[in-house]
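Just so it is clear, none of the values below were taken in a lab; they were calculated from the coordinates. In this text, all values refer to a predicted model and were calculated from it rather than measured experimentally. All Cβ positions, glycine included, derive from the backbone under ideal geometry; neighbour counts span all protein chains shown.
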Amino acid sequence: MSEKTRPLAGKVAVITGASSGIGEAIAHELSAAGCRLVVTARRAQRLHALCARLSGPAVPLSAEIDDPATAQALLETAHENYGRADILINNAGMLVSGPLETIDLDGLMQMTRTNYDAVVRTSYVFARAFKQQAAGSIINVSSVGAYLSHSSMGVYAGLKQAVEVFSTALRVELKGSGVRVGTIAPGTTDTEIFDRLRASGQPVRADQTPALQPLDVASSVRYMLEQPAHANVARLLLVSSAESV
Ligand SMILES: NC(=O)c1ccc[n+]([C@@H]2O[C@H](COP(=O)([O-])OP(=O)(O)OC[C@H]3O[C@@H](n4cnc5c(N)ncnc54)[C@H](OP(=O)(O)O)[C@@H]3O)[C@@H](O)[C@H]2O)c1
């Protein structure tokens, strides 16, 4: 198959949060598209099982995404194993929500580190390398939550909006450099991210609304990456057809 019909063949993609849900589905989708992968998350066994199931090359790196050393380690892992990096998918994330009387404040601060600080650091580390090679794509996973006002989910929403604003600024800063930056904002998707809420007895949107499946989001990420180099899907909002957004 030609580069035109299989544009991602041989590309090296680094995917954070690949041990479950959307990140795991993106790993399957990009591997099927011919990418060589570096997959990361904390749960090493899940990553090893994922790599064993993928048809193409994939290297696991078990790491805490909030660790300041992880971004550089991911870039180095890509270079050591494949000699390059072409794509970064910043997908790792968590959800802490609840009423002000009981919301877990330490959990909120942890979420700030994971859902925003780590996205910024990883984006910059890869953007510098991509700019030097005058090519590369960064996709940051935002959320429909960035566009909604949910009481009890304000911090999650604010962090996702911050990811959107930061990504737009980075995209503009990199204009003409050959480096593309985009965001995808999925609607409610049926994943383990809601397990924490379920465990605390809070209502879970994924149980109430017809939800997206992780593969739906992964297919859209692949679509974004398969555009020709001069075209950048800068922002993609994907919701379930039954979602009232
Ligand atoms: N599900 C939805 O409705 C929805 C909607 C919009 C956007 N999103 C976004 O989509 C992304 C993926 O979420 P998901 O729904 O697929 O949830 P998920 O199944 O819980 O996946 C979250 C992933 O992030 C990793 N992760 C979390 N904290 C981490 C940390 N401190 N260090 C390293 N890895 C960490 C987890 O791996 P380990 O636990 O193994 O570390 C896991 O692989 C998140 O950014 C989320 O905000 C989800």
Taking every other residue with Cβ under 12 Å from the Cβ of ALA234 and scoring Lys and Arg +1, Asp and Glu -1, one gets +3
Nearest 500 deg cm²/dmol is fine: what mean residue ellipticity at 222 nm does the chain get from its DSSP H runs of n ≥ 4 alone, each adding -39,500 (n - 2.57), divided by its residue count? -12500 deg cm²/dmol
For labels at LEU215 and HIS48 in the simple 7 Å Cα→Cβ model, what's the distance in nm? 2.8
Using alpha carbon centers only, the range 167-245 is separated from the range 32-48 by a whole-angstrom value of 19
Starting from the Cα of ASP117, step 7 Å toward the Cβ, then list every residue of the range 89-109 with an amide N under 17 Å from that point. 92-96, 105-109
Contour minus end-to-end for ILE103 and THR5, with contour as 0.36 nm per residue of separation and end-to-end as the Cα-Cα distance? 30.4 nm
Send over the Kirkwood Rh of the range 88-233, from the inverse of the averaged 1/r over different Cα pairs, rounded to one decimal Å. 16.2
Karplus couplings for the range 165-170 from phi (6.51 cos²θ - 1.76 cosθ + 1.60, θ = phi - 60°), rounded to Hz, Gly and Pro as x? 5, 4, 5, 5, 4, 5
Counting pairs of Cα atoms in the chain, how many percent are more than 34 Å apart? 11
Ranked by GNM mean-square fluctuation in the chain (Cα springs under 10 Å), the top entry among LEU174, LEU74, LEU105 is LEU105
Can you compute 3J(HN,Hα) from phi for each residue in the range 32-47, using the Karplus curve 6.51 cos²θ - 1.76 cosθ + 1.60 with θ = phi - 60°, rounded to whole Hz and x for Gly and Pro? 4, 7, x, 6, 9, 10, 10, 10, 9, 4, 7, 7, 4, 4, 4, 5
Taking the mean number of other Cβ atoms within 10 Å as a proxy for protection, how do you rank 20-28, 203-211, 91-99 from highest to lowest? 20-28, 91-99, 203-211
Sorted from fewest to most neighbouring beta carbons within 10 Å, what does the list SER149, SER219 look like? SER149, SER219
What does the extension gain come out to for SER151 and SER62, with contour length at 0.36 nm per residue minus their alpha carbon separation? 28.6 nm
